[in-house]
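This report refers to the structure that appears directly beneath it.
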Amino acid sequence: MYDYLIIGSGLAGLSFAEIALQNNCSIFVIDHCQQNASYVAGGLYNPIILKRFTKAWQSEKQLLFAEQFYRNLEQKLNMSFYNDLPVLRRFYSVEEQNNWFVSADKPELTAYLSPNLVMDHFKGISAPFGFGKVNATGYLEVASLIDSFRAYLKQQNIFSNEVFAHHELQIGNDVLSYKKIKAKHIIFAEGFGMLQNPYFSDLPLVSSKGELLLIKAPGLELCQIVNAGIFILPVGDGLFKIGATYNWEDQTSWPTKSGREELLSQLDEIINCSYEVVDHYAGIRPTVNDRRPLVGTHHQYKNMHLLNGLGTRGVLVGPSMAYELFQQIEHNVPVQAEANINRVYRKRGIKI
């Protein structure tokens, strides 16, 4: 008998699993370990929406929680994967510079937007109008973290690499059964796979396919993250991640020629050095039209729960949403209304 059966081990499932373990709960995790959005993500964390120079939803609280969460995981797994690194927003005009100054003067943004423009010339990159520096940013080496955490779970014999068969789940009032596994609660953290889940497939999850490139550019001397419509993320040894595309039509998880061409077209407008494409990644982001996660308890089955819809900010959103779901289950503290799946149920007239 486990306290939690967790389906999925991307950022959402990993976050809930670790929080449950921190609170001395027993868990068992099932995941088919095929390529998913978390695994191929760029892993950037940034409290600011740089398209509009505004603070992202609850980013200050999420940032503090996420940093402590990942630092604890680094100690637990004896690895380093949470990297502080400034983001430089490349300006396209004097008007953008002026908009930056206005935003940097706002009380809620002064801690994040530096009032001093960065006019440094980085070898290999063209930026005639300079950059604005964003603080409290960086990136998470997501694939490394997921691999390490799965290895830890396997060592504890609490992980199974298999496709979860929803039709084999038996739901009781106090106990859930799946094959030979019994648990008090089940957490579905399947990402875009939720649309195949008969218990939650009616929720408004939409696909947003993202593609990234890994390039080698020895002539590009850059040790910060550059945001210029796409991001350029240095990962060492002259390698850079380039991303990302957004495609709401294509629901396949393999790279495309059009995605590659879109990224290279934008990249060629930013850098002026030679490079070669080393790899090409793609994944389906689980997103929601109202840009809020889908977190909470099934309206009919009180021991069945969902942690999904983290979108493009999963690195920051995942840990705090996992914590809120855990608090709701264990201590009857409701998940906040903006993220709670009850917001969907109520619109449909379903009694909670």
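The values are calculated or read from the model by the stated rules, or taken from the named source; none is laboratory data. Predicted model, so just to flag it, every value in this text is computed and none were measured. Here the Cβ positions follow ideal geometry from the backbone for every residue, glycine too, while neighbour counts run over all protein chains shown. Only protein heavy atoms, including side chains, enter the accessible area calculation; ligands, DNA and RNA are left aside. Shrake-Rupley method; radii C 1.70, N 1.55, O 1.52, S 1.80 Å.
Only residues that are closer than 24 Å to Tyr323 by Cβ and of a type in the set (Val, Ile, Thr) were counted in the range 181-223, giving 2. Test of understanding: among Leu63, Leu5, Leu14, which residue is of a type in the set (A, V, I, L, M, F, W, C) and either at pLDDT below 95 or over 21 Å from Ala339 (Cβ atoms) (or both)? Residue meeting the stated conditions: Leu5. Within the range 156-194, which residues are crowded, with 18+ Cβ neighbours inside 10 Å, without any contact (Cβ under 8 Å) to a residue 60 or more places away in the chain and not in a strand (DSSP E or B)? None - no residue of the range 156-194 is crowded, with 18+ Cβ neighbours inside 10 Å, without any contact (Cβ under 8 Å) to a residue 60 or more places away in the chain and not in a strand (DSSP E or B), so the list stays empty. Per the listing Glu74, Glu67, the residue uniquely among the charged types (D, E, K, R), under 21 Å from the mean Cα position of the chain (by Cα) and surrounded by fewer than 16 Cβ atoms within 10 Å (Cβ to Cβ) is Glu74. When Tyr152 is tested against (1) closer than 30 Å to Phe200 by Cβ; (2) open to solvent by 40 Å² or more (accessible area, probe 1.4 Å); (3) in a loop (DSSP other than H, G, I, E, B); (4) not basic (Lys, Arg), just one condition goes unmet, and that condition is (3).
Restricting the range 20-39 to residues that are assigned to a helix (DSSP H, G or I) and surrounded by fewer than 22 Cβ atoms within 10 Å (Cβ to Cβ) leaves a set whose member that is modelled with the lowest pLDDT is Tyr39.
Each row is one residue, and each column tells you yes or no for (1) within 25 Å of Val118 (Cα to Cα); (2) of a type in the set (A, V, I, L, M, F, W, C); (3) free of Cβ contacts under 8 Å to residues at least 60 places away in the same chain.
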site	(1), (2), (3)
Ile230	yes, yes, yes
Thr245	no, no, yes
Glu249	no, no, yes
Gln266	yes, no, yes
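Among the residues in the range 80-96, are any open to solvent by 50 Å² or more (accessible area, probe 1.4 Å), of a type in the set (A, V, I, L, M, F, W, C) and over 28 Å from Tyr2 (Cα atoms)? Checked against the condition, which is being open to solvent by 50 Å² or more (accessible area, probe 1.4 Å), of a type in the set (A, V, I, L, M, F, W, C) and over 28 Å from Tyr2 (Cα atoms), the range 80-96 yields at least one hit.
Could you tell me whether Val94 is more than 21 Å from the chain's Cα centre (by Cα), on the phi < 0 side of the Ramachandran plot, among the hydrophobic types (A, V, I, L, M, F, W, C) and at pLDDT 95 or above? Against the criterion (more than 21 Å from the chain's Cα centre (by Cα), on the phi < 0 side of the Ramachandran plot, among the hydrophobic types (A, V, I, L, M, F, W, C) and at pLDDT 95 or above), Val94 qualifies.
Of the residues making up the range 303-352, just one is open to solvent by 40 Å² or more (accessible area, probe 1.4 Å), polar (S, T, N, Q) and assigned to a loop (DSSP other than H, G, I, E, B), namely Asn332.
Here the range 121-149 is the region considered, the condition is being part of a helix (DSSP H, G or I) and open to solvent by less than 10 Å² (accessible area, probe 1.4 Å), and the residue that is farthest from Asp105 (Cα to Cα) is Phe149.
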